[in-house]
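K.L.:
Let me give you the structure first, and then I'll get to my questions.
The values are calculated or read from the model by the stated rules, or taken from the named source; none is laboratory data. Everything quoted here is computed from the prediction, not taken from an experiment. Glycine also receives a Cβ, built like all others from the backbone with ideal geometry; neighbour counts cover every protein chain displayed.
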Amino acid sequence: MAEISIKDVCKSYGRTQILHGVDLNFRAGEFVVILGPSGCGKSTLLRMIAGLEEITGGEISIDGVVVNELEPRDRGCSMVFQNYALYPHMNVAANIGYALKVAGVPRAERTRRIVETARIVGLEELLDRKPAELSGGQRQRVAMGRAIIREPKVFLFDEPLSNLDAKLRVQMRVEIRRLHKRLSATSVFVTHDQVEAMTLADKLIVMNKGNVEQVGTPLEIYQRPRTRFVGSFIGSPAMNFFDSTVAPGGDFVLLDGIRLAIDPALGGDNAGSAVSAGIRPEHCRLVAAGTASSVPATVDFVEELGSGRIVHVEIDGRDFAVAMDEGQLVEAGTTVGLQLPAAHIHLFSLQTGLRLDDVPAVKRTIKTTVAA
Amino acid sequence: MNKRAVFKSWWLPILFAFPQLLLILFFFYWPATSVLTWAFSLEPAFGGVGERLFVGWDNFRDVFADTEYWQSVSLSLFFAFSATALSMFVAFVLAICVDRQLKGSGLFRFFYIWPYAIAAPAVGLAFRFIFAPESGLIAVVNTWSPDLWNPAKFGSHAMVLVIICFAWKWIGYNFIFMTAGLQSIPRSLIEASSMDGSGPVRRALDLQIPLLAPTLFFLLVLNLTESFVGPDTYGIVDLTTEGGPNKATNVMVYRIVSEAFRGLNYSGAAAQSLILIALIMVFTFIQFRYVERRVHYK
């Protein structure tokens, strides 16, 4: 268990800057997930913690020790790679035990710990196999075994599940969470999959273009996205957006000429400003056409999910996704009314992308977002 | 799917193959049959087919009875193994350094490949000057203590000289293959091993050598064969030591050529050639039979 502190960390390759001053603190034993689209710098940040990338500026410390100049082996981290990075010429036992062999642990002790680790990750039967003879899930287990046998202070996961098929991914996700509970080392998990991020994280960090957009619990981030980007990135199907202007009174926005009430606390100080309004598909409601305070919409098509359906409606040439329960049925081509409850409308500044009613809790985020 | 161009006529393919066939005929089959006939007959030194005498295995008996020949065989073996070991070891170290992208590795990669493009006699000539005991770059060591380095006087020095020459030339060749091989090892494997705590040397031994084994095996066979019988060996020995001093560098290839064309003992040289070919076959067989088994092909 160790806490990790990242202070104003930058990374550039030549003149291209990848990370623009990242400030983060991970508490000991926390399961931290870094989420972001590809190229946002999340893997680079992870590799900098691991010691596989040099730190251009700033400071990373693990357990109070600045590790900027330390070799990977001296940082007390272990890592699970995206492609597993198993040693192809060694069998499972040798792969798992390699770190101990390098550390000069006596053979008897080594064998004991390999067997114990293999039991934890469920590989007892396969210790003599070579990686080429294993399935994707089994390779993933070997990679995890190799990481946990060192009893590290910090676990780093670099998109470890993205090479697995969907079913296995869910299963491994549960196992990783269980493993974390059992070992309680600080874990940092990088992914571009928001479901993975939401389900695994104690603390979720959303990154975009080399900046941290938001830090919080998954629920906080889902309920109060700090930026338009976070709103659009978290949640599936994605949040619906439309551009509008806050009315002079600060109490409504217009969509296709219809007044949509908003929380006055939201709009109050921002009367007249151009906004991007967002609402999640699960918060939209479809009602009969002509119902009061509903926007007339045409049903474009319906995506069937079994447990429910996603209805795509069109308003003024713009697509809105609406999540509906199993019971409700809608025909494509019909005209309906779309209701957007005020409590669920998020307003983001059109210029900065920042949430309008946000209290700037983390100064850095705002500064960098504006700069970007 | 089997894509083949089938020639309709018989003369066109023959025409295409003709230049190559001609070359093979003149430079391979003709010499090979000559060697075969010479090896089993007493070839007159100044030509004249009529006087050729078939002598069966007598030439071989003569060769085997000659202690100088056996000395040459052991010299060749020593030379081949030392030169191969030296050139492969140095090439491997250089390739690892370039693979780690140490500072300036791009430039050095370029320089390391150059020596292979130089003809062996030219290498020999250059090294002869560099290592000349009285006036070469190395001559300074003789001011510390006389005869610290004198390949013209001491057989062991001469042997060291030819080994260095051969290794220097072949480092470039080995380097190319090793660099290519190292670069095909996924970077994440190297990273994983450094997370597991291994330093550069440990990584090379545990990871890079085993994964490079097919390449190393190929280079081993090639280097041993080349140093044992290759034209480079002849060229280097000829230009640096001429087999001397006191036949201390009289390796098999050099001995064959000098016996045949200076000593005019065609029959003896032909017999030695055949023995050399047989030795190479045995060598290669051993390597494939026993060494390749331990090679891990991905």
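K.L.:
Does A:Leu219 qualify as being part of a strand (DSSP E or B) and either within 30 Å of A:Gln171 (Cα to Cα) or not assigned by TED's automatic domain parsing to the domain that holds A:Leu45 (or both)? Don't jump to the end; show me each part of the working.
P.N.:
On the way: part of a strand (DSSP E or B): no; either within 30 Å of A:Gln171 (Cα to Cα) or not assigned by TED's automatic domain parsing to the domain that holds A:Leu45 (or both): yes.
Here the answer is no, as A:Leu219 does not meet what is asked.
K.L.:
For the subset of region A:192-216 comprising residues that are of a type in the set (A, V, I, L, M, F, W, C) and assigned to a strand (DSSP E or B), which member is surrounded by the fewest Cβ atoms within 10 Å (Cβ to Cβ)?
P.N.:
Just the residues of region A:192-216 that are of a type in the set (A, V, I, L, M, F, W, C), to begin with: A:195, A:197-198, A:200-201, A:204-207, A:212, A:215.
Going one step further and asking which of them are assigned to a strand (DSSP E or B), we end up with A:204-207, A:212, A:215.
Numbers: A:Leu204: 26, A:Ile205: 24, A:Val206: 27, A:Met207: 26, A:Val212: 27, A:Val215: 21.
Looking at residues that are of a type in the set (A, V, I, L, M, F, W, C) and assigned to a strand (DSSP E or B), I get A:Val215.
K.L.:
For B:Pro186, indicate whether it is out of contact with any helix residue (DSSP H, G or I) (no Cβ under 7 Å at 6 or more places or on another chain) and under 19 Å from B:Glu292 (Cβ atoms). Write out each step before concluding.
P.N.:
Numbers: out of contact with any helix residue (DSSP H, G or I) (no Cβ under 7 Å at 6 or more places or on another chain): yes; under 19 Å from B:Glu292 (Cβ atoms): no.
No; evaluated as a whole, the condition is false for this residue.
K.L.:
Something else: Looking at region A:333-344, is at least one residue in contact with a Phe, Trp or Tyr (Cβ under 6 Å, 6 or more places away or on another chain), of a type outside the set (Lys, Arg) and more than 17 Å from A:Ser232 (Cα to Cα)?
P.N.:
no
K.L.:
Something else about it: Checking B:Ser105 against (1) under 24 Å from the mean Cα position of the chain (by Cα); (2) surrounded by 15 or more Cβ atoms within 10 Å (Cβ to Cβ), which single condition isn't satisfied?
P.N.:
B:Ser105 satisfies all of (1) under 24 Å from the mean Cα position of the chain (by Cα); (2) surrounded by 15 or more Cβ atoms within 10 Å (Cβ to Cβ) except (1).
K.L.:
If you check A:Gly235 against the conditions, is it at pLDDT 80 or above and on the phi > 0 side of the Ramachandran plot?
P.N.:
Values: at pLDDT 80 or above: yes; on the phi > 0 side of the Ramachandran plot: yes.
Criteria met by A:Gly235.
K.L.:
Need at least 2 residues that are free of Cβ contacts under 8 Å to residues at least 60 places away in the same chain and buried (at least 20 other Cβ atoms within 10 Å of the Cβ) per element, so show me which helices (runs of 4 or more DSSP H) inside region B:202-298 make the cut, counting only ones lying wholly within it. Give the derivation first.
P.N.:
Numbers: elements: B:209-229, B:231-240, B:252-261, B:266-286.
Those helices (runs of 4 or more DSSP H) span B:209-229, B:252-261.
K.L.:
Okay, next question. Can you pull out the residues in region B:194-248 that are among the small types (Gly, Ala, Ser) and either on the phi < 0 side of the Ramachandran plot or over 20 Å from the mean Cα position of the chain (by Cα) (or both)? Quick ask: steps written out before the conclusion?
P.N.:
Keep residues of region B:194-248 that are among the small types (Gly, Ala, Ser), which gives B:194, B:197-199, B:204, B:213, B:227, B:230, B:235, B:243-244, B:248.
Result: B:Ser194, B:Gly197, B:Ser198, B:Gly199, B:Ala204, B:Ala213, B:Ser227, B:Gly230, B:Gly235, B:Gly244, B:Ala248.
K.L.:
Related question: Within region A:87-123, can you find the residues that are within 8 Å of chain B (Cβ to nearest Cβ), among the aliphatic types (A, V, I, L, M) and within 22 Å of A:Leu183 (Cα to Cα)?
P.N.:
If the condition is that a residue be within 8 Å of chain B (Cβ to nearest Cβ), among the aliphatic types (A, V, I, L, M) and within 22 Å of A:Leu183 (Cα to Cα), then A:Ala99, A:Ala103 are the ones that fit.
K.L.:
Where in region A:28-145 are there helices (runs of 4 or more DSSP H), lying fully within it, with 3 or more residues that are within 30 Å of A:Gln214 (Cα to Cα)?
P.N.:
Details: elements: A:42-50, A:92-103, A:107-121.
Ranges flagged: A:42-50.
K.L.:
All but one of (1) within 23 Å of B:Gln208 (Cα to Cα); (2) of a type outside the set (Asp, Glu); (3) within 12 Å of chain B (Cβ to nearest Cβ) hold for A:Ser43; state the number of the condition that does not hold.
P.N.:
Among (1) within 23 Å of B:Gln208 (Cα to Cα); (2) of a type outside the set (Asp, Glu); (3) within 12 Å of chain B (Cβ to nearest Cβ), A:Ser43 violates only (1).
K.L.:
Among the residues of region B:174-226, count how many are in contact with a Ser or Thr (Cβ under 8 Å, 6 or more places away or on another chain), at the interface with another protein chain (Cβ under 9 Å from one of its Cβ atoms) and hydrophobic (A, V, I, L, M, F, W, C).
P.N.:
Looking only at that region, the number is 2.
K.L.:
Name the one entry in A:Arg129, A:Arg110, A:Arg141, A:Arg146 that is in contact (Cβ under 8 Å) with a residue 40 or more places away in the chain, surrounded by 15 or more Cβ atoms within 10 Å (Cβ to Cβ) and assigned by TED's automatic domain parsing to the domain that holds A:Ser187. I'd like the intermediate steps shown before the answer.
P.N.:
Values: A:Arg129 fails: in contact (Cβ under 8 Å) with a residue 40 or more places away in the chain; A:Arg110 fails: in contact (Cβ under 8 Å) with a residue 40 or more places away in the chain; A:Arg141 fails: in contact (Cβ under 8 Å) with a residue 40 or more places away in the chain.
Result of the check over A:Arg129, A:Arg110, A:Arg141, A:Arg146: A:Arg146.
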